[in-house]
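A.B. asks: Before anything else, here's the structure in question.
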Amino acid sequence: MSLDVSPALLEQAERGEVDEADFIDCVRNSLPYAWNMISSLVTRLQVDGGVIADNTTPPPDEQARGQLLRALASDAIRGALERHFGVRLAFQNCHRVAVFPLDASADERLARFTSVRGQLLNQSPELRDC
């Protein structure tokens, strides 16, 4: 299971629309490694400026790696994180997460990061089985 869903949040979903703030709290509590990774990158982007903040350090263990994969592989979670933080997220391999501002200033850099060429250049033997 990727999220620890409270009975109250499940009840919201069964009734219809879910409050996104409640969903974000669920993500924050269920996937703390992924949450901390993304929020630290957002902070770095805001402090340093520029068009990208990315992580190149592999997760410390398989549990952390799994959290990152679950957060970024789910369209609902990823979209909620992007809306919450006001950024665009990109993902390579099992750990390389990047955040980009929403404005067009980052379009070219985002396109390079998410390109086939960018994916190939980010490969290494150490990451083969991640």
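Derivation of every value follows stated rules applied to the coordinates shown; laboratory data play no part. Values in this document were obtained by computation on a predicted structure and should not be read as measured data. In this analysis, Cβ positions are derived from the backbone assuming ideal geometry, glycine residues included, and neighbour counts consider all displayed protein chains.
A.B. asks: Can you give the Rg to Rh ratio for the range 19-64, taking only C-alpha atoms and Rh from Kirkwood?
C.D. replies: Taking Rh as the inverse mean 1/r over Cα pairs, Rg/Rh reads 1.05.
A.B. asks: I've got another one for you. Which value results for Rg/Rh of the range 1-81 when Rg is the Cα radius of gyration and Rh the Kirkwood radius based on the inverse mean 1/r?
C.D. replies: Value, to two decimals: 1.02.
A.B. asks: Determine how many Å³ per residue the convex hull of the Cα atoms of the range 44-106 encloses.
C.D. replies: It is 88 Å³ per residue.
A.B. asks: If each of Asp61 and Asp48 carries a label point 7 Å out from its Cα toward its Cβ, how far apart are those two points in nm?
C.D. replies: 2.8 nm
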